[in-house]
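**Q** For reference, the structure I am asking about is given below.
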Amino acid sequence: QVQLVESGGGLVQPGGSLTLSCAASGSIFSINDMGWYRQPPGKQRELVATITSSFSTMYADSVKGRFTISRDNVKNTVYLQMNSLKPEDTAVYYCNGRIRFSIRSPEYSYWGQGTQVTVSS
């Protein structure tokens, strides 16, 4: 059984910063791409940022220059450093990991439970 557990959400004022963490645990052989997605109120889930196992990154245009994704492959953890936060960043943030259970297994996509980020004065 694999679990992804997020932490670090909360209420922050515009212009502030937060760091989200997502730790994967369980019978994991390897984790390929990891990523952060968000779902604003009343909207569809959208991509925020992704990072490969070799640390290549990709960002949504709306967060470029403000958010930084990183990972620790020993701890099976992905982070999202969010700076210069705006009210439009308010959303439930979800982490995702593409996980293999053995050298021969296919990838399986797992999601965390989500953590609320609210940007408001």
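**Q** Where residues in the stretch 68-78 are polar (S, T, N, Q) and farther than 19 Å from residue 18 by Cα, which of them is most open to solvent (accessible area, probe 1.4 Å)?
**A** We begin by selecting, within the stretch 68-78, every residue polar (S, T, N, Q); these are 68, 70, 73, 76-77.
Those left that are additionally farther than 19 Å from residue 18 by Cα: 73, 76.
Numbers: 73: 66, 76: 42 Å².
Only one residue tops the list, namely 73.
**Q** Among the residues that make up the stretch 66-73, is at least one of them within 10 Å of the chain's Cα centre (by Cα) and of a type in the set (A, V, I, L, M)?
**A** Within the stretch 66-73 (the criterion being within 10 Å of the chain's Cα centre (by Cα) and of a type in the set (A, V, I, L, M)), the answer is yes, since at least one residue qualifies.
**Q** Restricting attention to the stretch 59-67, does a residue exist that is part of a strand (DSSP E or B), surrounded by 15 or more Cβ atoms within 10 Å (Cβ to Cβ) and of a type in the set (Lys, Arg)?
**A** If we filter the stretch 59-67 for residues that are part of a strand (DSSP E or B), which is where we start, we get 59, 67.
Now restrict to residues that are surrounded by 15 or more Cβ atoms within 10 Å (Cβ to Cβ): 59, 67.
After this cut, where a residue has to be of a type in the set (Lys, Arg) as well, the list is none.
There is no residue in the stretch 59-67 that is part of a strand (DSSP E or B), surrounded by 15 or more Cβ atoms within 10 Å (Cβ to Cβ) and of a type in the set (Lys, Arg).
**Q** What about residue 47, is it of a type in the set (A, V, I, L, M, F, W, C), in contact with a Phe, Trp or Tyr (Cβ under 7 Å, 6 or more places away or on another chain) and surrounded by 14 or more Cβ atoms within 10 Å (Cβ to Cβ)?
**A** Details: of a type in the set (A, V, I, L, M, F, W, C): yes; in contact with a Phe, Trp or Tyr (Cβ under 7 Å, 6 or more places away or on another chain): yes; surrounded by 14 or more Cβ atoms within 10 Å (Cβ to Cβ): yes.
It is true that residue 47 is of a type in the set (A, V, I, L, M, F, W, C), in contact with a Phe, Trp or Tyr (Cβ under 7 Å, 6 or more places away or on another chain) and surrounded by 14 or more Cβ atoms within 10 Å (Cβ to Cβ).
**Q** Could you list all residues from the stretch 75-121 that are of a type in the set (A, V, I, L, M, F, W, C) and modelled with pLDDT of 95 or more? Outline the logic, then answer.
**A** Within the stretch 75-121, the first condition is being of a type in the set (A, V, I, L, M, F, W, C), and the residues that meet it are 78, 80, 82, 85, 91-92, 95, 99, 101, 103, 111, 117, 119.
Listed by number, the residues that qualify are 78, 80, 82, 85, 91, 92, 95, 99, 111, 117, 119.
Residue by residue, here is whether (1) free of Cβ contacts under 8 Å to residues at least 40 places away in the same chain; (2) aliphatic (A, V, I, L, M); (3) surrounded by fewer than 21 Cβ atoms within 10 Å (Cβ to Cβ); (4) over 15 Å from residue 111 (Cβ atoms) holds:
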{"position": "12", "(1), (2), (3), (4)": "no, yes, yes, yes"}
{"position": "16", "(1), (2), (3), (4)": "no, no, yes, yes"}
{"position": "19", "(1), (2), (3), (4)": "no, no, yes, yes"}
{"position": "22", "(1), (2), (3), (4)": "no, no, no, no"}
{"position": "25", "(1), (2), (3), (4)": "no, no, yes, no"}
{"position": "39", "(1), (2), (3), (4)": "no, no, yes, no"}
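**Q** Among the candidates 113, 81, single out the residue that is assigned to a strand (DSSP E or B), open to solvent by 30 Å² or more (accessible area, probe 1.4 Å) and touching a residue at least 24 places away in the same chain (Cβ under 8 Å). Write out each step before concluding.
**A** Working: 113 fails: assigned to a strand (DSSP E or B).
The match here is 81.
**Q** May I ask you to list the residues in the stretch 1-10 that are under 12 Å from residue 114 (Cα atoms) and surrounded by 15 or more Cβ atoms within 10 Å (Cβ to Cβ)?
**A** 4, 6, 8, 9
**Q** Follow-up question, since we're still on this one. Part of a loop (DSSP other than H, G, I, E, B) and either surrounded by fewer than 18 Cβ atoms within 10 Å (Cβ to Cβ) or aliphatic (A, V, I, L, M) (or both): which single residue out of 103, 99 fits that description?
**A** Numbers: 99 fails: part of a loop (DSSP other than H, G, I, E, B).
From the options 103, 99, the qualifying one is 103.
The values are calculated or read from the model by the stated rules, or taken from the named source; none is laboratory data. Source: prediction; values computed, not measured. Neighbour counts run over all protein chains shown; Cβ positions are idealised from the backbone, glycine included. Surface areas here come from the heavy atoms of the whole protein model, side chains and all, with no ligands, DNA or RNA. Shrake-Rupley method; radii C 1.70, N 1.55, O 1.52, S 1.80 Å.
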